[in-house]
Amino acid sequence: RAKLAADAWCAAFVWPKVPGVPAVTHDLFVRLSRAEESVPQPLRDEIERLAEQYRFLHWHLAFPEVLTTTAGAGAGLDGGPGWSGGFDAVLGNPPWERIKLQEQEFFATRHPEIAQAQNAGARHRMIKELEESDPALYAAYMEALRRAEGESHLVRNSGRYPLCGRGDVNTYAVFAETKRTLIGRRGRVGTIVPSGIATDDTTKFFFQDLVESEGLVSLYSFENEEFIFPAVHHATKFCLLTLSGASIQCPSAQFVFFARQPVHLADRDRRFTLTAKDLALHNPNTHTCAVFRTRRDAEITRGINLRVPVLVRDGPPEENSWGLVIRRVFDMNRHDVLALCLDARDSSEPGMVRICEAKMFHQFDHRFGTYEGQTDSQSNQGKLPEATTAQHADPRYVTKSRLLVPQAEVDARLGGLWNRQWLLCWRDITSAVTSRTMIAAILPRVGTDFTVRVGFPACASPGEAC
């Protein structure tokens, strides 16, 4: 009876809702908890069918000798685990899959033309046409979509995964949170998960809770460049994550990043410790983990952050002592913006200035890349020819852009924000595997596209030079 009641609670999240057809309600769940005979047999049959299809697992019923139920048959089904006790050790390498139907993967073998559609809009039109051209495939797609939506609904809205059931949910995060709830007060979790468990926005609440509760023992992050796992892509980052039960507190956790072989974990220069205060110091807004290649890097960064205040601290209340405003000046995917622009290759009209893109500048270098002399191969890779040493030595050298925009339009968009002849800019996106995770430069007063962020500190008073 307890299993049927628990299955009914889970089935409510994936039950096909059809007008006029009974479904799981709270009243039915309560009745099942007391006497299954009070529920019609067709409903019990559907509950059992869904339990078999989705393979529901109720830990307190599967392992009653380990997890002691703290309430009745519905224990733990209101979001909390509903049990006491726990395992001494939980080990695993959970699946790393998004809880969302991947249309291209679904149709890759079933209907390659749909998988290879030019864009999402075209793909959705082709899927809709299947309703008449291939009803069986369309029905299979709708069933897979319904399954993914049901699983997502349970993970996000049941309350069972309050820390990881957020955003674009991945199964590895849900497994990690489950493992943590399964260990006893003196237990340990050892699991292999993507390194994003500590650095991604969707898992930041889980990681923050681990750190603040002093339940994080260690996080050793690897990159698969030397193929520890031969069948896995070389760029994959994974970590060995160790957690402790509530009775074993770890005020400071051990970290290693960018390891490529297990022997690197013994390298003292690579290993460093971080406390909850350290992590809050490094990333006060996101509460994600700062990534360092060496212990020395961690020490230097900590010293800087102790001396230098946060540029902008999210609120409420927001702390913004510089009065900094961050803007994108021109969005090149807007038709009204494109109508203002001219092709720099065949235009030399007066009053026009360059549109600078992120790949045209580098750290402290506003003349890094130029469209002049770009080859087809470079264009296909999204790269630009780099300015030579001789060109950098010439103060009159100016890089060539792809587009030009009226200077008057630039001035109009910067009016009220900035009155200097230079702009403080940084690249919108960079990668954690590059030498710098922020690339900034001072640019002339030109146009900038959506790949560039521009910072405007507040002026001391209206009309005064900034």
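The values are calculated or read from the model by the stated rules, or taken from the named source; none is laboratory data. All values derive from a computational prediction rather than experimental measurement. Note that each Cβ is placed from the backbone with ideal geometry, even for glycine, and that neighbours are counted across all protein chains shown. In case anyone asks, the SASA skips ligands and DNA or RNA and just uses the protein heavy atoms, side chains included. Shrake-Rupley method; radii C 1.70, N 1.55, O 1.52, S 1.80 Å.
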Using all Cα-Cα distances in the chain, what percent lands in each 10 angstrom bin from 0 up to the longest?
4, 14, 20, 22, 20, 13, 6, 2, 0
For the stretch 193-300, what does the convex hull of the Cα positions come to per residue, in cubic angstrom?
102
Calculate, in whole percent, how much of the Cα-Cα pair population of the stretch 352-411 lies beyond 14 Å.
58
Which cross-chain or sequence-distant (5 or more) residues have an amide H under 5 Å from the amide H of residue 403, H modelled 1.01 Å from N in plane?
344, 355
Between residue 68 and residue 34, the FRET efficiency computed from the C-beta separation at R0 = 30 Å comes out, to the nearest 0.05, as 0.90
I'd like the carbon and sulfur percentage of the solvent accessible area for the stretch 261-387, probe radius 1.4 Å, heavy atoms only, ligands and nucleic acids excluded.
50
Compute the relative contact order of the stretch 220-293 as a whole-number percentage, counting only Cα pairs closer than 8 Å that sit 6 or more residues apart in sequence.
29
Using a 1.4 Å probe and counting only protein heavy atoms, arrange 411, 346, 278 so the residue with the most accessible area comes first.
346, 411, 278
The chain, helix-only ellipticity at 222 nm - DSSP H runs n ≥ 4, -39,500 (n - 2.57), divided by all residues, nearest 500
-9500 deg cm²/dmol
Let me make sure I get this right: for the stretch 263-311, a, b and c are the square roots of the gyration tensor eigenvalues over alpha carbons, sorted descending. Under 1.5 in a/c it's rounded, otherwise prolate if a/b > b/c, else oblate. Which is it?
prolate
Using only the Cα atoms of the stretch 1-152, build the gyration tensor, take square roots of its eigenvalues as a ≥ b ≥ c, and label the shape rounded, prolate or oblate: rounded if a/c is under 1.5, else prolate if a/b is larger than b/c, else oblate.
oblate
Roughly how large, in nm² to one decimal, is the mean projection of the convex hull of the alpha-carbon atoms in the stretch 106-214?
9.2
In whole percent, the fraction of accessible protein surface over the stretch 26-185 that belongs to carbon or sulfur atoms, probe radius 1.4 Å, stands at 52
Give the peptides 309-322, 154-167 in descending order of average Cβ contacts within 10 Å, highest first.
154-167, 309-322
Suppose all protein chains stay in the model; what accessible area per residue would a 1.4 Å probe give for the stretch 74-193, in Å²?
54
Roughly to the nearest percent, how much of the accessible area of the stretch 192-260 is carbon and sulfur, given a 1.4 Å probe?
54
Take every Cα-Cα distance within the stretch 405-453, group them into 5 Å bins from 0 onward, and report for each bin the whole-number percent of pairs it holds.
5, 19, 26, 22, 12, 8, 6, 2
Rolling a 1.4 angstrom probe over the protein heavy atoms, how many square angstrom per residue are accessible across the stretch 352-433?
57
What is the spin-label model distance, in nm, from residue 89 to residue 110 if the labels are put 7 Å beyond Cα along the C-beta direction?
4.2
For the chain, what is the charge dipole size about the Cα centre, in debye to the nearest 20, if Lys and Arg each add +1 at the Cβ and Asp and Glu each add -1 at the Cβ?
1160
The stretch 294-413 shape via C-alpha gyration tensor axes, a/c threshold 1.5
oblate
For the stretch 247-331, what Kirkwood radius comes out of the mean inverse Cα-Cα distance, in Å?
15.2
From Cα coordinates alone, what are the radius of gyration and Dmax values for the stretch 175-231 in angstrom?
12.9, 37
